[in-house]
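Accompanying notes for the structure given below.
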There are 2 protein chains.
Amino acid sequence: MLKIGELAALASVSRDTLRFYEKHGLITPGERSGAGYRLYSETDVHRISFIIGAKEVGFTLNEIHQLLELEVTKDEKSCYDIKQFVDAKISIVNQRLAEIKRIKKSLQTLSSACCGGDEPATHCTILEALSEQTN
Amino acid sequence: MLKIGELAALASVSRDTLRFYEKHGLITPGERSGAGYRLYSETDVHRISFIIGAKEVGFTLNEIHQLLELEVTKDEKSCYDIKQFVDAKISIVNQRLAEIKRIKKSLQTLSSACCGGDEPATHCTILEALSEQTN
DNA sequence: ATAAACCCTAGAGCATGGTCTAAGGTCAAA
DNA sequence: TTTGACCTTAGACCATGCTCTAGGGTTTAT
């Protein structure tokens, strides 16, 4: 059984983060020592590593919550359910990707229209472009 | 001179948003009517459209603040300064882009390793992959 | 025995970009 | 004149993901 600081070190997160995850239902309390210290089992360690893995691939804590429910009830779920979940996330990520690409393009258009020279920016094309009504 | 609701309609933002921008120093008060109503001039309209344009190309409100300062003092700035600012933002956007692409790839790897079939997810490769220690 | 290092709780604070509420005052039309 | 649509303020609230503080108890090493 690990104390919170030990698990925190193991998982490279802060103690506060672990308590935060607990408060938000991502990781269930487990046991407590006589003095009220949290004690983490193997299962808890596994769960934390699941959370961190999911965070790393871009799931929000909310989505991880849902994933954990899928995991807990996985014997009643099909692979199809799980894959659907991931695919839905992929399409969200695709939207964000498109949005960021759009932004990048706009910025590049701005930048390349500007001479970038020494002259005062009184009539800088960048500032002028930003002032234009878009709606 | 426009009242706040008129400018809000014109700019397609809420009245609250305009007051919020004012509170955060993005748009200076301008005049007030006898009853204390905000009155927006042509210059203010121009400024709002600048803010909205900048938001649309992906600048944060903080960055817009800096851009507005550049705009106000543009006679003392060079095109070089302005272009530098935009280019710095482009490199931030590039980082975000790379991060999102990484996430997308991870998700696709997860998804494509999963059979997606009817069988119970007891040994679903997705859940297993998420559980693996990454550090 | 005492100080350092750890643990606990509840709750505030941060950054981002607003939205909403309460409790009022004002203005225009019917 | 009274209703409804508009305006004012200060401050609370939302989501996201923590981080920090205050005020306390415990454990461990010297």
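The values are calculated or read from the model by the stated rules, or taken from the named source; none is laboratory data. These figures come from a predicted structure and were not determined experimentally. FYI the Cβ positions are ideal-geometry reconstructions off the backbone, even for glycines, and counts take in every protein chain you see.
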I'm told A:Tyr80 meets every condition in (1) within 25 Å of B:Arg102 (Cβ to Cβ); (2) surrounded by fewer than 17 Cβ atoms within 10 Å (Cβ to Cβ); (3) among the aromatic types (Phe, Trp, Tyr) except one. Can you identify the failing condition by its number? (1)
Is one or more of the residues making up region B:116-124 at the interface with another protein chain (Cβ under 7 Å from one of its Cβ atoms), among the acidic types (Asp, Glu) and part of a helix (DSSP H, G or I)? no
Regarding region B:37-47, can at least one residue be identified that is part of a loop (DSSP other than H, G, I, E, B) and surrounded by 14 or more Cβ atoms within 10 Å (Cβ to Cβ)? no
Residues of region B:13-40 being of a type in the set (Ser, Thr, Tyr), over 17 Å from B:Ile64 (Cβ atoms) and within 11 Å of DNA strand C (Cβ to nearest atom), which ones? B:Ser14, B:Ser33, B:Tyr37
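Residue-wise test of (1) out of contact with any Cys (no Cβ under 6 Å at 6 or more places or on another chain); (2) at pLDDT 95 or above; (3) more than 29 Å from B:Ser112 (Cα to Cα).
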| residue | (1), (2), (3) |
| --- | --- |
| A:Ser14 | yes, yes, yes |
| A:Gly30 | yes, no, yes |
| A:Thr43 | yes, no, no |
| A:Ala54 | yes, no, no |
| A:Leu68 | yes, no, no |
| A:Asp75 | yes, no, no |
Test: residue in region A:83-101 that is over 23 Å from the mean Cα position of the chain (by Cα) and either at pLDDT 90 or above or more than 7 Å from chain B (Cβ to nearest Cβ) (or both): no
Just to verify a result, which residue in region B:102-115, among those that are among the polar types (S, T, N, Q) and at the interface with chain A (Cβ under 7 Å from one of its Cβ atoms), is farthest from B:Leu67 (Cα to Cα)? B:Ser111
Please go through region B:31-72 and pick out each residue that is within 10 Å of DNA strand D (Cβ to nearest atom) and either at positive phi or not aliphatic (A, V, I, L, M) (or both). B:Arg32, B:Ser33, B:Gly36, B:Tyr37, B:Arg38, B:Tyr40
Could you please tell me which pairs satisfy a Cβ distance under 6 Å, a separation of 6+ or placement on different chains, a first residue in region B:31-56 that is closer than 14 Å to B:Leu2 by Cα and in contact (Cβ under 8 Å) with a residue 24 or more places away in the chain, and a second residue that is part of a helix (DSSP H, G or I) and of a type outside the set (Ser, Thr, Tyr)? B:Arg38/B:Ile4; B:Tyr40/B:Leu7; B:Ile48/B:Ala11
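So that you can scan it fast, the table gives a plain yes or no per residue for (1) more than 21 Å from B:Cys124 (Cβ to Cβ); (2) in a loop (DSSP other than H, G, I, E, B); (3) more than 10 Å from every other protein chain (Cβ to nearest Cβ):
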| site | (1), (2), (3) |
| --- | --- |
| A:Gly5 | yes, no, yes |
| A:Leu18 | yes, no, yes |
| A:Ala35 | yes, yes, yes |
| A:Phe50 | no, no, no |
| A:Gly53 | no, no, no |
| A:Glu63 | no, no, yes |
Can you tell me which of B:Ile103, B:Ile126, B:Ile64 is over 24 Å from A:Ile103 (Cα atoms), surrounded by 13 or more Cβ atoms within 10 Å (Cβ to Cβ) and not polar (S, T, N, Q)? B:Ile126
Condition test on B:Phe59, is it more than 7 Å from every other protein chain (Cβ to nearest Cβ) and not in a helix (DSSP H, G or I)? yes
